[in-house]
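Below is one structure, written out as structure tokens; the observations come after it.
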Amino acid sequence: MTVRQKLYEGKAKILYATDDPDVLVTYFKDDATAFNAQKRGSIEGKGAFNCAISSHLFKQLAASGIPTHFIAQTSVNEMQVRAVTILPLEVVVRNIAAGSLCQQTGLPLGTDLPQPLVEFYYKNDALGDPLLTDDRLQLLQLATPAQVEHLRAMALKINDLLKVFFAQCDITLVDFKLEFGFDRTQQLLLADEISPDTCRLWNQASDDPEQRVLDKDRFRHDLGNVESAYRQVMERVLKV
Ligand code: UDP
């Protein structure tokens with residue numbers, strides 16, 4: 001058996017090299033962290049749920065013209081992806097106020113935003129992933145103004161597609177985080193994952209602020225039934 005070279009191990013995934021330098025393998029772990037890794041745990045089956053959900057969503061987005069790093073799901077916990085240089089940015093899109101937006105602005109949880117809000121955060125654990133302004137993006141040379149506009153346009157298009165997709169699953173897409181990277185030809189590709197770890201997803205069948213939660217907030221806030229929420233998202237997503 002060939003021993004694969006581990007390139008990187010993150011909080012929720014491991015990246016392996018393959019024989020092809022343009023192709024990597026992402027392994028989805030059951031490990032879960034929250035609040036900048038101050039809270040740690042494990043969610044049984046999460047790796048498999050997130051791998052299946054992400055694979056399906058990347059396929060749907062690719063079919064709608066979004067360039068992604070996804071190549072194929074190769075096992076229960078693994079997907080093959082194109083090698084990219086990840087931009088150190090977390091691109092967050094919000095449709096409804098939740099999480100840090102409520103904490104930092106005082107907007108009540110659940111406020112419908114008049115238009116989607118796109119935000120850029122610096123992917124830097126030591127600094128606590130701070131919110132960036134356009135001027136800070138330029139100052140730190142994290143992306144050119146043209147790249148920022150390209151990222152914003154892609155994030156909004158992805159939001160339009162995902163909102164419709166999740167609505168077909170009777171799920172409201174509250175907010176989510178995206179990551180992007182450049183491949184060897186300098187094409188910008190959607191990368192990382194799209195899963196209940198990186199999205200807030202509310203079950204449309206419930207108005208209860210705790211029961212409706214189908215995402216990592218169940219783990220963050222000890223709401224219980226974390227595994228079954230992730231499983232439910234997977235089952236609904238795979239049906240569409
Ligand atoms: N998010 C993420 N990784 C992060 C920070 C945020 O996937 O490091 C996702 C989070 O799950 C939510 C959205 O981005 O869907 C907005 O998160 P927010 O800024 O409200 O931060 P949080 O409440 O998680 O601190």
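Laboratory data are not the source of any read-out in this text; all were calculated from the coordinates shown. Quick caveat: nothing in here was measured; it's all calculated off a predicted structure. Please note: Cβ atoms are built from the backbone with ideal geometry, for glycine as well, and neighbour counts cover all protein chains shown.
The table for this structure:
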quantity	calculated
Cβ crowding within 10 Å averaged over residues, with 195-205, 13-23 ranked highest first	195-205, 13-23
For region 170-236, diffusion coefficient by Stokes-Einstein and Kirkwood Rh (Cα), 4 °C, 1.567 mPa s, µm²/s	99 µm²/s
Euclidean distance between Cα centres, region 89-125 to region 44-77, Å	24 Å
Dipole magnitude of region 180-240, debye to nearest 20 (Cβ charges: Lys/Arg +1, Asp/Glu -1, about Cα centre)	180 debye
Evaluated at q = 0.10, 0.12, 0.18 Å⁻¹: base-10 log I(q)/I(0), Debye formula over Cα of the chain	-0.45, -0.67, -1.67
Low-density loop cleavage sites - GluC sites (Glu not before Pro) in region 129-226, where at most 13 other Cβ are within 10 Å (DSSP)	GLU210
Normalised contact order of region 84-240, rounded percent, pairs of Cα under 8 Å and 6 or more residues apart	22 percent
Whole-angstrom gap from region 147-162 to region 166-240, using each part's C-alpha centre	17 Å
DSSP-assigned coil residues among GluC sites (Glu not before Pro) in region 1-99, each with at most 13 further Cβ atoms within 10 Å	GLU44
Relative packing of 127-134, 158-165, 54-61, which averages over residues the other C-beta atoms within 10 Å, highest first	54-61, 158-165, 127-134
Per DSSP, loop chymotrypsin sites (Phe, Trp or Tyr not before Pro) in region 20-53 with at most 15 further Cβ within 10 Å	PHE35
